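As structure tokens, the structure follows; a few thoughts come after it.
Values in this text are rule-based calculations from the coordinates and carry no lab data. This one's a predicted model, so the numbers in the text were calculated from it and none came from an experiment. Quick reminder, even Gly has a Cβ in these numbers, built from the backbone with ideal geometry, and neighbours come from all protein chains shown.
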């Protein structure tokens, strides 16, 4: 029984990261109809920047976190305002290709500047554990879950309760109508990009201490895609739920299924859900209207 | 300036209507046939690799360029073709039988992947194929008994009716010959009913249904053809690399293929060739310019990824029609000289057709 | 002589009743117009006929055959072609290629013959081109034959769509708002063409239309719908003077 609880909690910790990454993906997708493949690489790049600030420049942890998030936000804002805007109105596929291209450019840049070695940096919670009942939890996992929770709640509050958030929602539903009602759609899109950029940086900084600062960190984005799909494409609560569920499924697969399944299970879920159950957990029906 | 003045329907059907075009292709054919005798060993090998990539690029072009179905995981079909072929050769099957069987096998997998593709489209399909590619790489890496896992698997020499074609020049001609066959076959297919139906499915499903095009059927057919051709490319690639490892068929290869068709120019076989040649040559080109770069940059791994990404970005932003689009513009410029206007190919203002999933 | 009939047709989307117990018959060689305020369910009728939607109840009959359950891509083989309200052309192709796609239902050789581009395929392609040329002639599309459709003016694109439907050699042609977006001159041309299609080609036409001048000029009979139901049916003059129709339009 303790194993089950332990696995569930470990799964939730990993799942919280998936959920947070998924959240960023869904946010950009809902607001701009772009499936943002840069997300994973921005996350990866942020972990490198965080490492540079903490280990090389010896900045305090919190300052480094703030700085990294700010850099990622500015980068994303500029990216949307200067690059992504050029392809507005082109088929959806152009957005996919463009973000993949930018993602690769970014990955190449990081790889050229930092080299292929993995690194690590200390956090206030490194190597600390908390005993809860019979279950041992790394403090880092608790921080991850707490951050995910906080970001989600803050985002919900922002989208539901603030004028800006409602404007974003309006623009995501009908850009032209929103524009005609006096909403500055372009600026809003950039704002959404900046927000997701900040979330990506946060994810990178949280993930790196458990998984090492490494180029391959971007791969978490594909796991997050599985989470997005599982939750029902375009649904923010769905993405959170899908992420948590996927984390737990992976943990259980690692223990109860033969070797090698743990890493593959996310992709099986992705394919399985899309083919058999495209609506996912909380999604609306999809498909273009005639 | 030249007008097409057709005097019979046959004129409109002809692939090369004018003497100039025929002469140009004849020269190209002669050059390609003579190349292995004029070039150094290294370049003969590189050209063979280009031919194989051309086949792979053509395979993806059928799917993506003609029916508009996005696949971010075509590396999987190359991998399946390569491993199936190598495995059958290892079991003692002759080359001439193993190649079509490997193609058939990948086509069958294409059918299996294509069937669900009827239900999902657009981004969903991109994600399914992406996951399929990662999964395939994963399975190959872990199925030691058949694939040799991460230790790899050696590939027997290609022996056709008693002749060993593993030599540099024989293998060059083998690949050139197969590429020509594939290209001609696809040219024929794309200019007849099947190709038209593919384009119809791509541009408007509603209209395609209304005109009697069985949309799902053609979508799956495109998957099958695409997978089969990619399987052939994989099988040839197996001989080229001589030793198969799962890493050789990773997402980077999938991206290379997507890059080829995208920057080549979607919806054109010529574009697939252009793209494959350019992207296939890029690593060679990069390794050539590396010595000229400062030490810090050149010794770092990642330059290739950076250049690939940058090229993709530039093409999407500035020439979405790809190299083929640029080629057509150039041709029109000279054919209509001096009447060419800069906005001749500018599309009329169209309202954004949202593809979002409501 | 009845060629086409819709019997007790209903279509429901969730709580919305798009078509409610609608019945009408169309005679061979007739031009039959469907009018009605926005949201009356006119386009839905065409969509049910061409099997885009499954009706909730009722049936559709064409030339003595029940086509309610036909596969969507087989409707044209039964002899029914259509155009769309918002032009659905194959944007990547030229006018000629669009029209040749209209000939899809006529065989052009099997897969392997196409692959090898056999003489049989070549002959079939040439025959299709000849057939397409007749349509080009009829609708005056010759100047645009090799133009990419994406760059053509709206009015011409509309005609290309009509031509593509005709290339399929239908016996029943469904036109969804053929005159929307056309200027008065183009609309007048359209009236003549519909006349040609009816009299020279012998094709029966059902059209959804807003422009009453076109309807009175081209249509033999008019069905007026409102809220998915039949409001009036008769000659254009009869329907126009029907009090219920006037009320529906004026919202009285």
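List of remarks:
- Centre separation in Å (Cα based) which lies between segment C:179-252 and segment C:87-117: 32
- Stokes-Einstein diffusion for the protein assembly as shown, with the hydrodynamic radius set to the Kirkwood value over Cα pairs and evaluated at 4 °C in a medium of 1.567 mPa s, equals 43 µm²/s.
- Average other protein chain Cβ within 10 Å of Cβ, residues A:103-116: 6
- Over segment A:142-290, Cα pairs under 8 Å with separation of 6+ residues give a relative contact order of 16 percent.
- Relative to one another, the C-alpha centroids of segment C:1-72 and segment B:172-213 are positioned 36 Å apart.
- Relative contact order %, chain B, counting alpha carbon pairs below 8 Å whose residues are six or more apart: 29
- Share of pairwise Cα-Cα distances greater than 17 Å in segment C:71-137 is 54 percent (whole percent).
- Order of B:285, B:51 - criterion: other Cβ atoms within 10 Å of each residue's Cβ, fewest first: B:285, B:51
- The calculated 222 nm mean residue ellipticity attributable to helices in the protein assembly as shown amounts to -19500 deg cm²/dmol, summing -39500 (n - 2.57) over DSSP H runs of n ≥ 4 and dividing by all residues.
- Each of C:193, A:277 was scored by other Cβ atoms within 10 Å of its Cβ. Arranged with the fewest first, they read A:277, C:193.
- Peptide C:123-131 has a mean shielding of 3, counted as Cβ atoms of other protein chains within 10 Å of each residue's Cβ.
- Based on every Cα atom in segment A:115-212, Rg and the maximum pairwise Cα distance Dmax equal 18.9, 59 Å.
- Normalised by 2.2 N^0.38 Å, where N counts its residues, the alpha-carbon radius of gyration of chain A equals 1.00.
- Applying D = kT/(6 pi eta Rh) to segment A:60-182, where Rh is the Kirkwood radius over alpha-carbon pairs, T corresponds to 4 °C and eta to 1.567 mPa s, the Stokes-Einstein value obtained is 69 µm²/s.
- Residue order, fewest to most surrounding Cβ atoms within 10 angstrom, among B:41, A:129: B:41, A:129
- Segment C:92-169: relative contact order as a whole-number percent, Cα under 8 Å and 6+ apart: 54
- Candidates B:140, B:52, B:305, ranked by Gaussian network fluctuation over chain B, Cα under 10 Å, top entry: B:305
- Plainly put, segment C:1-157 has a radius of gyration that is 1.03 times its Kirkwood radius, both from alpha-carbon atoms, as the Rg/Rh ratio.
- Two-decimal log10 I(q)/I(0) for segment B:197-326, as the Debye equation yields it once each C-alpha is a single scatterer, q = 0.21 Å⁻¹: -1.31
- Our compactness index for segment B:157-246, the C-alpha radius of gyration over the empirical 2.2 N^0.38 Å, is 1.46.
- D (Stokes-Einstein, µm²/s), Kirkwood Cα radius, segment B:40-335, 0.692 mPa s at 37 °C: 167
- Each distinct pair of alpha carbons in segment C:92-169 adds a 1/r term; the inverse of their mean, the Kirkwood radius, is 12.9 Å.
- Computed E for residue A:162/residue A:186 - FRET, C-beta separation, R0 22 angstrom, nearest 0.05: 0.70
- Among the residues of B:306-319, the average count of other protein chain beta-carbon atoms within 10 Å of the residue beta-carbon is 6.
- C-alpha center-to-center spacing [segment B:103-169, segment A:1-57] in angstrom: 31
- With R₀ fixed at 51 Å, the C-beta to C-beta distance from residue C:10 to residue C:140 puts the FRET efficiency at about 0.80.
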